[in-house]
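Undergrad: Here it is, the structure in full.
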Amino acid sequence: MKREDHGYDSAEALVHCTVHPDREATLHCNKCGSPMCIKCAVLTPVGYRCKACVRGIESTYYNATAFDDLLAFVVAGVAGLVLAALARVLPLPYFMWLVIGFPVGALVVELIIWTVQRHHSRTMHYVAATGAALGGLLVMLVLRAFTHPGVWLAVGSVVLAIYYRMKMRG
C-alpha cells in the first residue's frame, strides 16, 4: 500500500530530525519526544533516546572529580609498587604471582571504591590501571628487576584485574 492510500499526503507527514534538518526523522526520543534520525539515536535498555537525554542521565551517574581520579591513581600505584617489591623479594614460584595478582587487584579496586566514596568516572579504570603499572615499573627500575618474571606476572595480573574490574563497575 502507498502512503497516499491512507488518506494523508506524504509531504505533510514528513518530520525532520532536530539536529539534522535535512534528514527525515524515523524515530522519536522516548524521554523528551524530539524527532531524530537514526544517526542521532542512542539505543538504551528502555528504547531509543536522543544524545542530549543520554548525556543528561550520564552526567548524574559520572560524578567523580579530578581529585577522585588522582586518588585512584595513587592507591593503585602504591598497590602496584608493594606487590612488585614483594614479587622481587619473596621466593615464590612464578605462577603463584599470577594467581596472587588477580585477587589482590580485586581488593585494590574495592579499596579505590571506598577511597573515592563510590564516585564514578568515565576514565577511572584507565587511571587506576596506569597507576598500578607505573608503581610496578618504578620497583623494576629501582630494584633492577626487569628480567624477573615473577614481578612481570604480579604487576601484569594486578593491572589487568584493576582495569577490567573498574571498567565493569563503570
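The values are calculated or read from the model by the stated rules, or taken from the named source; none is laboratory data. Since this is a predicted model, take the numbers as computed values, not measurements. Backbone-built Cβ (ideal geometry, glycine too); neighbour counts: all protein chains shown. To get the accessible areas, we keep the full protein, side chains included, count just its heavy atoms, and leave off ligands, DNA and RNA. Shrake-Rupley method; radii C 1.70, N 1.55, O 1.52, S 1.80 Å.
Undergrad: For the chain, what is the charge dipole size about the Cα centre, in debye to the nearest 20, if Lys and Arg each add +1 at the Cβ and Asp and Glu each add -1 at the Cβ? Walk me through the numbers on the way to the answer.
TA: On the way: 15 positive and 10 negative charges, 104 e Å.
Roughly 500 debye, rounded to the nearest 20.
Undergrad: Kindly report, to the nearest 10 Å², the accessible surface of V82 as traced by a 1.4 Å probe over protein heavy atoms only.
TA: 70
Undergrad: Given a 10 angstrom Cα cut-off, can you work out which residue in S157, S59, S34 is the most mobile in a GNM of the chain?
TA: It is S34.
Undergrad: Still on this structure, I have one more. Could you tell me the relative contact order of the chain? Use alpha-carbon pairs under 8 Å, at least six residues apart, and round to a whole percent.
TA: Worked out over the chain, it gives 23 percent.
Undergrad: Can you tell me the FRET efficiency between V19 and F67 if r is taken as the Cβ-Cβ distance and R0 is 45 Å, rounded to the nearest 0.05? Please list the in-between numbers first.
TA: On the way: r = 34 Å, r/R0 = 0.77.
The computed FRET efficiency comes out at 0.85.
Undergrad: State the answer as a single residue: which of V75, G131, F146 lies farthest towards the positive end of the charge dipole of the chain, with beta carbon charges of +1 for Lys and Arg and -1 for Asp and Glu, about the Cα centre.
TA: Checked the options; the winner is F146.
Undergrad: Taking the 0 to 90 degree range and rounding to the nearest ten, how far is the long axis of helix 124-142 tilted relative to the main principal axis of the chain, both from C-alpha atoms?
TA: So the inclination is approximately 20 degrees.
Undergrad: Identify which of L92, L137, L107 has the largest mean-square fluctuation in a Gaussian network model of the chain, with springs joining Cα atoms closer than 10 Å.
TA: Largest GNM mean-square fluctuation: L92.
Undergrad: Now, a different point. Between V78 and R55, what is the FRET efficiency for a Förster distance of 25 Å, r being their Cβ-Cβ separation, to the nearest 0.05? Please report the intermediate quantities before stating the final value.
TA: Numbers: r = 34 Å, r/R0 = 1.38.
In this case the efficiency is close to 0.15.
Undergrad: Summing -39500 (n - 2.57) over the DSSP H runs of n ≥ 4 in the chain and dividing by its residue number, what mean residue ellipticity at 222 nm do you reach, to the nearest 500 deg cm²/dmol? It would help to have the intermediate numbers written out before the result.
TA: Details: 6 runs with 101 residues, N = 170.
It lands at -20000 deg cm²/dmol.
Undergrad: Can you list which of the trypsin sites (Lys or Arg not before Pro) found in segment 120-170 are DSSP loop residues with at most 15 other C-beta atoms within 10 Å?
TA: Working: sites: R122, R144, R165, K167, R169; in loops: R122, R144.
Listed in order of number, the matching sites are R122, R144.
Undergrad: For T26, T44, give the ranking by accessible area with the largest first, probe 1.4 Å. Provide the component values of the computation, followed by the final result.
TA: Details: T26 95, T44 30 Å².
Sorted descending by solvent-accessible area, the residues read T26, T44.
Undergrad: Going through segment 122-157, which chymotrypsin sites (Phe, Trp or Tyr not before Pro) have at most 11 other Cβ atoms within 10 Å and a DSSP loop state? Numbers along the way, then the final one.
TA: On the way: sites: Y126, F146, W152; in loops: F146.
Answer in residue order: F146.
Undergrad: Right, next: List the trypsin sites (Lys or Arg not before Pro) in segment 35-109 that DSSP assigns to loop (not H, G, I, E or B) and whose Cβ has at most 15 other Cβ atoms within 10 Å. Which are they?
TA: Details: sites: K39, R49, K51, R55, R88; in loops: K39.
Of the trypsin sites (Lys or Arg not before Pro), the ones in loops of segment 35-109 whose Cβ has at most 15 other Cβ atoms within 10 Å are K39.
Undergrad: What accessible area per residue comes out for segment 24-115, rounded to a whole number of Å², with a 1.4 Å probe? Show your work: numbers first, answer last.
TA: Details: 5440 Å² over 92 residues.
Per residue, segment 24-115 has 59 Å² of solvent-accessible surface.
Undergrad: Go ahead and run the numbers for FRET between I38 and Y126, Cβ-Cβ distance against an R0 of 22 Å, rounding to 0.05. Kindly include the intermediate steps, with their values, before the conclusion.
TA: Details: r = 30 Å, r/R0 = 1.38.
The formula returns an efficiency of 0.15 here.
Undergrad: Could you give me D for the chain, from Stokes-Einstein at 10 °C and 1.306 mPa s, where the hydrodynamic radius is the Kirkwood radius over C-alpha pairs? Units µm² s⁻¹, please.
TA: 83
Undergrad: OK, next. Please report the carbon-and-sulfur percent of the accessible area for segment 65-168; probe 1.4 Å, protein heavy atoms only, DNA, RNA and ligands left out. Show your work: numbers first, answer last.
TA: Working: 4380 of 5710 Å².
C and S atoms contribute 77 percent here.
Undergrad: How tilted is helix 149-169 with respect to the longest principal axis of the chain? Cα atoms for both, answer in degrees (0 to 90, nearest 10).
TA: Long axis of 149-169 versus the principal axis of the chain: about 30 degrees.
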